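Asker: Pasting a structure here, questions to come.
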Amino acid sequence: MKRINFLIALSCYFFIVTNIYGQSRWSITPYAGMTFSKFRYKGDEYLWNKYTDSKIGWTVGADVEYRVFPWLGVSSGLDLSVVGGKEKHDYTLAGMAICQKLCKQSGTLSYLSLPLMLNFHIYKGLSLKSGVKLALLLNAKAYNDLDTYYHKEFNPEADPNQSTAYISIPEGLTHNFPDDYYLQSHEREKHNITGDMQRLDLQIPVAIAYEYQKFRLQAEYDFGIYVVRRVGGMSGKKWTYRDDVSRFHNAENRFLKVTLGYKFAL
């Protein structure tokens, strides 16, 4: 009988502690969305061999929140995000019109993060959040794509021994790229550069969220504190690998996350 009374009392205590104004103190919100990232480079170094364009990635995770007061919550959870940077440039070869090469280069970093956030519920579903996030690098990859285009009036297979540098440009040749050109070849090179990156990053997230009927739309911006590249570790690697790693020199993570989640009371 004492055990039954103890279990009843414990159940009542749990019910009182885990409810405020008829709502549970605890909740979990799984979410998924997209990342929009671009590296920030420290100092005033030249930008050659840098990923200076924005890159789109993805993110999934879940937040567990404990409501301390109706207006204040504390949350943590797990987050898997893919971020990075990219760059695209083209250049002309052989007579400034016959051959065009288009380079697309991309760096991708995948992080598993543990956030600790303060959530300020300021008005009817609207909340502001900030805190710290410890991010573990799972893998890092670099991709290099090279597309070679030739003008439609030029056939490089007609005389393989003849250099395009000595091909005369036909009179009236138009230079509209890529409309007047065709794709002659595509090359892709991929490097796993995880070993040359920092395995841990400390990030400062700042977010705004709106909740409506348990659906949560959130925009979060993350500021990376540490440089993502580890010093050294490239001896004996081929030059294309070294070139990929050099793009992360003095680079810090900066990315926007836009997610949609659904809240479950615990």
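The values are calculated or read from the model by the stated rules, or taken from the named source; none is laboratory data. Source: prediction; values computed, not measured. For accessibility, only protein heavy atoms count, side chains too; no ligands or nucleic acids. Shrake-Rupley method; radii C 1.70, N 1.55, O 1.52, S 1.80 Å.
Asker: Compute the orientation-averaged projected area for region 211-266 from the convex hull of its Cα atoms and round it to one decimal in nm². Numbers along the way, then the final one.
Answerer: Values: hull surface 26.1 nm².
One quarter of the hull surface, i.e. the mean projection, equals 6.5 nm².
Asker: Sticking with this one: What are the residues whose amide H is under 5 Å from the amide H of residue 58, where those residues sit 5 or more places off or on another chain and H is modelled from the backbone?
Answerer: For residue 58, whose amide H was placed from the backbone, the distant partners under 5 Å are 35, 82.
Asker: Direction-averaged shadow area of the convex hull around the Cα atoms of region 171-266, nm²?
Answerer: Details: hull surface 52.5 nm².
Seen from a random direction, the Cα hull of region 171-266 projects 13.1 nm² on average.
Asker: Here is a follow-up. Just the number please: accessible area per residue for region 200-266, 1.4 Å probe, all protein chains included, in Å². All intermediate terms of the calculation are to be shown ahead of the outcome.
Answerer: On the way: 3580 Å² over 67 residues.
Result: 53 Å² of accessible area for each residue.
Asker: Need one word for region 173-225: rounded, prolate or oblate. Basis is the Cα gyration tensor (sqrt eigenvalues a ≥ b ≥ c); a/c below 1.5 gives rounded, then a/b vs b/c decides.
Answerer: Details: a/c = 3.51, a/b = 1.67, b/c = 2.10.
Because a/c hits 1.5 or more and a/b fails to exceed b/c, region 173-225 counts as oblate.
Asker: In terms of Cα to Cα distance under 16 Å, which lysines are near enough to residue 42, apart from those fewer than 8 places away along the same chain?
Answerer: 50
Asker: Additional query: I'd like the accessible area for residue 202: 1.4 Å probe, protein heavy atoms, all chains in place, Å² to the nearest 10.
Answerer: Approximately 60 Å² for this residue.
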